[in-house]
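Structure first, then comments.
The values are calculated or read from the model by the stated rules, or taken from the named source; none is laboratory data. All figures in this text were calculated on a predicted structure; none of them were measured in a lab. Cβ atoms come from the backbone with ideal geometry, glycine included; neighbour counts cover every protein chain shown. Ligands, DNA and RNA are excluded from the accessible area calculation, which covers all protein heavy atoms including side chains. Shrake-Rupley method; radii C 1.70, N 1.55, O 1.52, S 1.80 Å.
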Amino acid sequence: MAPLARNVLVTGSNRGIGLELVRQLVENPDPPEHIFATCRDPDGPRGEALQELAAKYPPVRLVQLDAVSLASVRAAVKEVESQLNGKGLNLLFNNAGVNSNATLQSVQQEEMLSVFTTNVVGPIQVAREFLPLLKKAAKEARKDGLSCSKAAIINMSSKVGSIELCFKVLEAPMYPYRASKAALNMVTRCLAAELKDAEILCTAIHPGWVKTDMGTEKAPLTVECSVQGILNVLASLSQATTGVFLDWEGKSLPW
């Protein structure tokens, strides 16, 4: 069985879903050649679990990347490019993000802007700066159609960003978070339209309500189950599913 993608980069990989993505990818019987596990401080105390994976599995490469810092993103591109030795990047997973439970009465301008910077501007910057490596991977691939094994950008979204579902899943207003994920969904659609001719697939994924620091222990879904589902969905993506909004089970979600 071929790997999901030969060269993969995951942002926000020091904890939660990002960390589990790296773990399941590298522990696959046929893992990627390179898994660039990025976060803001991979060598710090919050990166210990990631450091252990890198020490145990050679494909895992730790890379410092703060998605809201353009200088940091560009430095990460240079480091990744040097380790790829002329090859392209097949799969970029924009997983890094922040939560906010602010209501209409409590939300402040600074918080709204901060959440948008991380959840929307960050993924755009990362996608733009890594685009040359993604295009290189697409050109290298000797296959028709779109897929994660060829070249893809996956954005971690949430169904609470769905405008259509708003009245059905409004347990908490979460103004900054919900609005930022709705914006990220639009970014995904724009990327899919713009990059289709470059043969780069772009899809938004809802991981479910997961037991993580962000999802809390109240969540019904384990991180292991969510990530297993996500990876199964990624393996099934094709020309027909670029620009779509799916959940961790592969079900289509309304915008």
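Within the stretch 42-56, the set of residues being touching a residue at least 24 places away in the same chain (Cβ under 8 Å) and either under 18 Å from residue 124 (Cβ atoms) or surrounded by fewer than 17 Cβ atoms within 10 Å (Cβ to Cβ) (or both) comprises 46, 49. Before we move on, is residue 27 under 24 Å from residue 226 (Cα atoms), at pLDDT 95 or above, open to solvent by 50 Å² or more (accessible area, probe 1.4 Å) and over 18 Å from the mean Cα position of the chain (by Cα)? Yes. From the list 184, 237, the lone residue that is crowded, with 21+ Cβ neighbours inside 10 Å, in contact (Cβ under 8 Å) with a residue 24 or more places away in the chain and either among the aromatic types (Phe, Trp, Tyr) or under 20 Å from residue 124 (Cα atoms) (or both) is 184. Just one residue in the set 229, 208 is free of Cβ contacts under 8 Å to residues at least 24 places away in the same chain and within 20 Å of residue 13 (Cβ to Cβ); that residue is 229.
Pick out the one residue from 167, 130, 116 that is over 22 Å from residue 226 (Cα atoms) and touching a strand residue (DSSP E or B) at 6+ places or on another chain (Cβ under 6 Å).
130
Which residues, taken from the stretch 32-48, are small (Gly, Ala, Ser) and modelled with pLDDT under 95?
Start the filter on the stretch 32-48 by keeping residues that are small (Gly, Ala, Ser), which leaves 37, 44, 47.
Selection gives 44, 47.
Among the conditions (1) open to solvent by less than 60 Å² (accessible area, probe 1.4 Å); (2) part of a loop (DSSP other than H, G, I, E, B); (3) more than 30 Å from residue 78 (Cβ to Cβ); (4) in contact (Cβ under 8 Å) with a residue 40 or more places away in the chain, the only one that residue 176 does not satisfy is (2).
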